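Worksheet: one structure, shown below.
Please treat every number below as a calculation from the coordinates, not as lab data. Keep in mind the model is a prediction, meaning the values are calculated, not measured. Counting neighbours? That spans all protein chains shown, and the Cβs are built from the backbone with ideal geometry, glycine included.
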């Protein structure tokens with residue numbers, strides 16, 4: 001009686017054939033990066049003018065990194081940074097998601113806000129630094145503000161774009177079945193745009209992580225940016241290079257984690273008819 | 001208005017809760033009074049002077065070529081659109097807004113792709129705060145539309161016909177008094193469409209629902225409707241209001257009686273489409289035998 005043959009659901013879960021190959025390719029990429037780093041260290045070490053910087057090479061850096069991991073210094077320096085980025089993203093999402101939904105739903109609000117928002121978006125978040133320092137009592141407050149200023153735009157625009165792509169028929173069907181405004185928001189709009197919001201947060205995290213280090217050159221005495229600045233001032237180059245590696249690894253891991261969340265919230269099925 | 005809605009809501013609730021009564025809603029009675037509509041104030045009328053009644057439990061087809069306003073008229077029965085003049089009265093109350101008691105089905109099933117079949121079917125109950133009924137009602141209703149085995153599948157994994165069956169289950173779950181179908185089968189293949197036409201008519205009759213369907217397919221009107229209201233365009237007016245007198249067996253097509261009704265209705269349809277000063281359109285009738 002049913003209209004089509006029922007496909008076994010396992011068909012949708014065939015493991016990707018290319019996964020082994022892509023892992024090998026990723027390893028080749030990592031090896032190439034290490035190669036370039038080693039070559040740079042080799043050149044620096046053999047140049048009398050640059051010899052003072054030879055601690056930037058892979059061997060001293062990785063040795064120092066291991067010490068920093070064992071001593072817990074890596075956790076101590078990245079904890080405050082992660083907290084600042086987390087808070088900044090939280091404020092950015094708390095403003096960006098609701099305003100993005102409004103802009104996506106109401107063309108009038110979109111038209112009114114478009115020029116101011118695009119204008120503000122193009123201002124480097126770091127140019128707010130003097131204002132942030134004056135406006136906030138604490139250095140931490142100023143840093144969180146700078147991160148939020150950087151992170152809000154991708155979240156806001158991605159949310160608005162997601163809302164504009166909502167099939168109007170979904171809203172019509174929901175209204176017809178008795179949905180009130182809160183139902184429309186909770187059952188239709190938010191699930192429909194969840195993936196766009198997460199993609200916005202992923203972009204925002206990328207910008208926030210980039211802005212974090214220069215922002216932490218400000219006043220504070222903790223965090224990855226401070227550690228970089230401090231290592232430079234004390235000419236402790238292996239520590240400086242190890243901190244750079246920590247920044248890269250944490251940024252990569254955070255991006256990959258949010259990438260997994262984006263996949264989870266993506267309701268489009270590859271095998272859809 | 002809010003008052004009358006609340007009262008009728010609680011009355012319907014009471015009827016459903018009564019243990020010894022059949023747990024089926026009685027179909028809605030519809031009266032359309034002096035209804036006219038123009039999309040903008042100075043545009044020509046899409047609908048002009050529409051007056052008719054639909055009895056409780058009646059299955060009515062609104063038949064006409066594109067542009068005759070049949071779909072607009074159906075939207076007005078649902079409360080999703082408001083007429084510029086006249087009124088739609090359902091069970092004695094003039095309607096102002098959509099209600100889960102008269103549910104519309106569209107050409108696209110528009111299921112929520114992030115939900116399972118069962119979650120989609122339960123939407124109406126959820127929206128009307130009847131979550132406690134979901135566990136019992138949804139398996140029943142999915143069984144009714146032959147999708148019992150599909151409850152936990154994602155809506156996107158289903159064929160077009162199955163998706164339209166989910167949309168049907170979604171419409172039936174809140175126990176509506178009337179179903180409004182806006183060419184819901186026109187995107188389906190002929191075989192699937194026939195099955196759905198037969199099943200939807202059967203379900204509406206079994207539940208005692210009022211069913212109004214909009215179509216430009218004469219065969220669909222003959223198969224499904226007790227009564228066909230043929231509309232003409234520019235402006236949309238009732239051209240003829242006629243009863244289909246076929247048994248359930250004869251409706252499946254092939255019989256002389258079916259052919260005779262089909263020819264008679266096709267004739268009326270052509271006359272309505274050929275009404276003076278209008279271009280004609282061949283009816284979309286690939287289901288004819």
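So if the hydrodynamic radius of the stretch B:72-143 is defined as the Kirkwood radius over C-alpha pairs, what does Stokes-Einstein give as its diffusion coefficient at 37 °C and 0.692 mPa s, in µm² per second?
My calculation gives 231 µm²/s for D.
Using a 10 Å cut-off on Cβ to Cβ distances, tally the other chain neighbours for every residue of B:154-164 and report the average as a whole number. Numbers along the way, then the final one.
Numbers: counts 6, 3, 7, 10, 7, 6, 3, 3, 5, 2, 1.
The mean count of partner-chain Cβ atoms within 10 Å per residue comes to 5.
For chain B, modelled as a Gaussian network with Cα springs under 10 Å, which listed residue fluctuates most, B:207, B:77, B:180?
Highest fluctuation of the listed residues: B:207.
Jot down the radius of gyration and Dmax of the stretch B:104-175, Cα atoms only, both in angstrom.
My reading of the Cα-based Rg and Dmax gives 10.7, 30 Å.
When the Kirkwood hydrodynamic radius is evaluated over all pairs of different C-alpha atoms of chain A, what value in angstrom, to one decimal, is obtained?
22.1
Listing B:106, B:150 from the residue with the fewest other Cβ atoms within 10 Å to the one with the most, what is the order?
Fewest-to-most Cβ neighbours within 10 Å comes out as B:106, B:150.
May I ask you to compute the full-extension gain from residue A:232 to residue A:34, defined as 0.36 nm times their residue separation minus their alpha-carbon distance, rounded to one decimal in nm?
Full-extension gain reported as 69.0 nm.
When B:82, A:183 are ordered from fewest to most other Cβ atoms inside 10 Å of their Cβ, what list results? The partial results should precede the final answer.
Working: B:82 13, A:183 19.
Sorted ascending by nearby Cβ count, the order is B:82, A:183.
Which whole-number percent gives the relative contact order of the stretch B:136-262, counting Cα pairs below 8 Å spaced six or more residues apart?
17
Using DSSP, restrict attention to beta bridges with both residues in the protein assembly as shown and report what percent are antiparallel, rounded to the nearest 5.
Bridges in the protein assembly as shown that DSSP calls antiparallel: roughly 50 percent.
For A:165-176, what's the mean count of beta carbons from other chains sitting within 10 Å of each residue's beta carbon?
Taking all residues of A:165-176 together, the mean is 6.
Please work out whether the stretch B:103-257 counts as rounded, prolate or oblate from its C-alpha gyration tensor, where a ≥ b ≥ c are the square roots of the eigenvalues and a/c under 1.5 means rounded, while otherwise a/b larger than b/c means prolate and anything else oblate?
Judged from the Cα gyration tensor, the stretch B:103-257 comes out prolate (a/c at least 1.5, a/b above b/c).
Which of A:120, A:218, A:50 ends up with the largest GNM mean-square fluctuation for chain A, with Cα atoms connected below 10 Å?
Greatest mean-square fluctuation among the candidates belongs to A:50.
Taking the simple approach of a point 7 Å from Cα along Cα-to-Cβ for both residue A:261 and residue B:202, what is their distance in nm?
4.9
Report the label-to-label distance for residue B:82 and residue B:132 in nanometres (one decimal), using points 7 Å from each Cα along the Cα→Cβ vector.
Result: 3.5 nm between the two label points.
Calculate how steeply helix A:19-45 sits against the longest principal axis of the alpha-carbon atoms of chain A, using the helix alpha-carbon long axis, and give the answer as 0 to 90 degrees to the nearest 10.
Result, in degrees: 30.
If I take every Cα pair under 8 Å that is 6 or more residues apart in chain B, average their sequence separation and divide by the length, what percent do I get for the relative contact order? Don't jump to the answer; show the numbers that get you there.
Numbers: 537 pairs, mean separation 69.5, N = 289.
Computed over chain B, the figure is 24 percent.
Taking every residue in B:96-103, how many Cβ atoms of other protein chains lie within 10 Å of its Cβ, on average?
If you average over the peptide's residues, the count of other-chain Cβ atoms is 3.
At 222 nm, what value in deg cm²/dmol follows for the protein assembly as shown if DSSP H runs of at least 4 each add -39500 (n - 2.57) and the sum is divided by all its residues, to the nearest 500?
-17500 deg cm²/dmol
For helix A:237-265, what angle does its Cα long axis make with the longest principal axis of chain A, in degrees from 0 to 90 and rounded to 10?
10
Which whole number in µm²/s is D for chain B by Stokes-Einstein, with the Kirkwood Rh taken over Cα pairs at 25 °C and 0.890 mPa s?
125
Quick one: divide the alpha-carbon radius of gyration of the stretch A:122-254 by 2.2 N^0.38 Å and tell me what you get.
The stretch A:122-254 yields a ratio of 1.44.
Kindly give Rg over Rh for the protein assembly as shown, based on alpha-carbon atoms, with the Kirkwood expression for the hydrodynamic radius.
The Rg/Rh ratio comes out at 1.14.
In a Gaussian network model over chain B where Cα atoms closer than 10 Å are linked, find which of B:169, B:28, B:149 has the largest mean-square fluctuation.
Checking each option, the largest mean-square fluctuation is seen for B:149.
From Cα pairs below 8 angstrom and at least 6 apart in sequence, can you work out the relative contact order of the stretch A:58-265, rounded to a whole percent? Provide the component values of the computation, followed by the final result.
Working: 236 pairs, mean separation 60.2, N = 208.
For the stretch A:58-265, the relative contact order is 29 percent.
Can you sort B:166, B:89 by how many other beta carbons sit within 10 Å, fewest first?
Least crowded to most crowded, the residues run B:89, B:166.
Taking the alpha carbon gyration tensor of the stretch A:70-134, what are the square roots of 5 times its eigenvalues, largest first, to the nearest whole Å?
Gyration-tensor ellipsoid for the stretch A:70-134: 34, 16, 8 Å.
Could you calculate the contour length gain from residue A:165 to residue A:134, that is, 0.36 nm times the residue separation minus the distance between their Cα atoms, to one decimal place in nm?
That works out to 7.1 nm of additional length.
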